[in-house]
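The values are calculated or read from the model by the stated rules, or taken from the named source; none is laboratory data. Here the structure is a predicted model, which is why all the values come from computation and not from measurement. All Cβ positions, glycine included, derive from the backbone under ideal geometry; neighbour counts span all protein chains shown. Protein only, heavy atoms only, side chains kept; ligands, DNA and RNA dropped before computing areas. Shrake-Rupley method; radii C 1.70, N 1.55, O 1.52, S 1.80 Å.
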Amino acid sequence: MFETLTKAPGDKILALMGEYAADTRSTKIDLGVGVYKDEKGVTPVMSSVRKAEERILSNETTKTYLGIAGNKGYGTAVLDLVLAPEFDRSRVRIAQTPGGTGSLWVLMQLISRARPGASFYVSDPTWANHIPMAKNAGFDLQTYPYFDAETRGVKFDAMLATLDGLKAGDVVLLHGCCHNPTGANLTPAQWDKVAESLARTGALPFIDLAYLGFGDGIEADAYGTRKVLASVPEAVLAFSGSKNFGLYKERVGAAIFVARNNDEAEVTNSQLLNIIRGAYSQPPDHGAEIIRTILTDADLRKEWEEELGVMRNRMIALRKKLAEAIRERSNGSDFDFVADHRGMFSLLGLTNEAVEHLKAENGVYMTGDSRINVAGIPEDRVGDLAKAILDTVR
Ligand SMILES: Cc1ncc(COP(=O)(O)O)c(C=O)c1O
């Protein structure tokens, strides 16, 4: 049987983590891995999460099955968090999934049932995992222009021109906020134009919302999602609780879709539940129950929002520090974009040789496309990092 298989490509980020671990230099800096780190370099369990877990442990009375759509209270709480309060919920359904990746997977299967082989547009570039996932779902993978290598901002006119040329039945994957890998994001005015374009063409928006609250705050980060959902008849939305609740290994996400009306939502939901039943039957509860507990308790919610704010503000402060440190040393504004980007990542726009050089000479690790995790910048080494980057690009 298995002799027919050939080796699948390994995961590049995991390989980079291995190289970093094997590097014996005490001055090494890890900007590669895609998890939040605090000032001590650790990915902490949030205090609100810890408290919710303690409650769950003492109050839980059964381990019986949850049902295909998972934890219902979690579903309601996530919709309350993500949707505008006035949004018509009769058109919406939600299923808890194992992580944001699980939600991307089930939603791709759902679209594939409706439109096998649909043209599926992702930003150039996009999160690396979107590409094999969309291909595995049988879509005709296409890209739309996104990152401007010169300005390190969004090539908005080119992006919009591509979106304007789409047709009903095409699918467009949009990062709801905190674009991964670039860190370059749409302004509210640009989201308005994207929403208008989607409404005009009938292309289906597929929003990946993996970093809500990591950019400028929960409300600001939800702007694009809410604007698009308010403008179009149908949409899908993949939510992840991995980053904003620090629940990475608990695998908690949600697949959400909006249909034209309640009847179509019922039919579509029957397909979604059928896909889940045939894949993993039901999601695990723990992470979802943590999020439900936090979002439905005023004190825990307040504490979580404060903790999320600390993470967000730390990343914004590190961005400013790095941009300033480079400006001071270079007398130039070439890296000011780092301070304008939002979320956990920035794409520096370096060549692969430069990335390799930074690793070999300075022990600075980032992914091959020159994406850095700003949360990985050691606060006391910002100057060293700025110098290493400048020495490499000069
Ligand atoms: C853009 C994007 N989407 C989705 C995910 C999925 O996250 P998870 O499956 O860990 O919830 C990630 C995680 O890195 C991401 O960066």
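Descriptive notes on the structure:
- For the chain, a Gaussian network of Cα nodes joined below 10 Å ranks ALA128, ALA375, ALA238 by mean-square fluctuation, and the top entry is ALA128.
- Global geometry of the stretch 188-271, whether rounded, prolate or oblate, following the gyration tensor of its Cα atoms and the 1.5 cut on a/c: oblate
- Shape box of the stretch 246-394 [Cα atoms, principal axes, largest first, Å]: 60, 38, 29
- Solvent-accessible surface ranking, highest first, for GLU379, GLU54, GLU150 at 1.4 angstrom: GLU150, GLU54, GLU379
- Only Lys, Arg (+1) and Asp, Glu (-1) charged, at Cβ; the stretch 65-296 dipole about Cα centre in debye: 520
- Cα extents of the chain along the three principal axes, largest first (Å): 61, 55, 54
- Sum of side-chain charges, HIS341 neighbourhood, beta-carbon under 9 Å (Lys, Arg +1; Asp, Glu -1): +2
- Prolate/oblate/rounded call for the stretch 316-394, Cα gyration tensor, a/c under 1.5 rounded: rounded
- Residues whose amide H comes within less than 5 Å of that of ASP208, counting only those at least five positions distant or on another chain, are LEU174, HIS175, GLY176, ALA238 (H built at 1.01 Å from N in the peptide plane).
- Note that the stretch 65-296 carries a Kirkwood radius of 17.5 Å, evaluated over its alpha carbons pair by pair.
- Ligands, DNA and RNA are left out, and with a 1.4 angstrom probe the accessible area of the stretch 65-296 is 37 Å² per residue.
- The HN-Hα couplings worked out from phi for the stretch 167-177 by the Karplus form 6.51 cos²θ - 1.76 cosθ + 1.60 (θ = phi - 60°) are 10, 4, x, 7, 10, 10, 7, 10, 7, x, 6 Hz, whole numbers, x standing for Gly and Pro.
- Gaussian network model of the chain, springs between alpha carbon atoms under 10 Å - residue of GLY278, GLY41, GLY100 with greatest fluctuation: GLY278
- When LYS51, LYS40 are compared by accessible area at a 1.4 angstrom probe, the order from most to least is LYS40, LYS51.
- Stretched out straight at 0.36 nm per residue, the stretch from HIS286 to ALA199 would grow longer than its current Cα-Cα span by 27.5 nm.
- Value of [θ]222 nm, deg cm²/dmol, for the chain, DSSP H segments ≥ 4, -39500 (n - 2.57) each, nearest 500: -14500 deg cm²/dmol
- Angle in degrees between helix 188-201 and the longest Cα principal axis of the chain, rounded to the nearest 10: 40
- Chain lengthening between ARG277 and ASN313 when straightened (0.36 nm per residue, less Cα-Cα): 8.9 nm
- The fraction of accessible area contributed by carbon and sulfur in the chain is 51 percent, rounded to a whole number (1.4 Å probe; ligands and nucleic acids excluded).
- In the stretch 65-296, lysine pairs with alpha-carbon atoms under 29 angstrom apart (chain gap of 8 or more, or interchain): 18
- Across ARG113, ARG91, ARG50, mean-square fluctuation computed from a Gaussian network of the chain (C-alpha pairs under 10 Å connected) peaks at ARG50.
- Counting heavy atoms of the protein chains alone, GLU361 has an accessible area of about 120 Å² for a 1.4 Å probe.
- Overall, the chain carries a charge dipole of about 480 debye about its Cα centre when +1 sits on the Cβ of Lys and Arg and -1 on the Cβ of Asp and Glu, all other atoms neutral.
- Ordering PRO9, GLY363, GLN282 by the projection of their Cα atoms onto the charge dipole of the chain, which places +1 on the Cβ of Lys and Arg and -1 on the Cβ of Asp and Glu, puts GLN282 at the extreme positive end.
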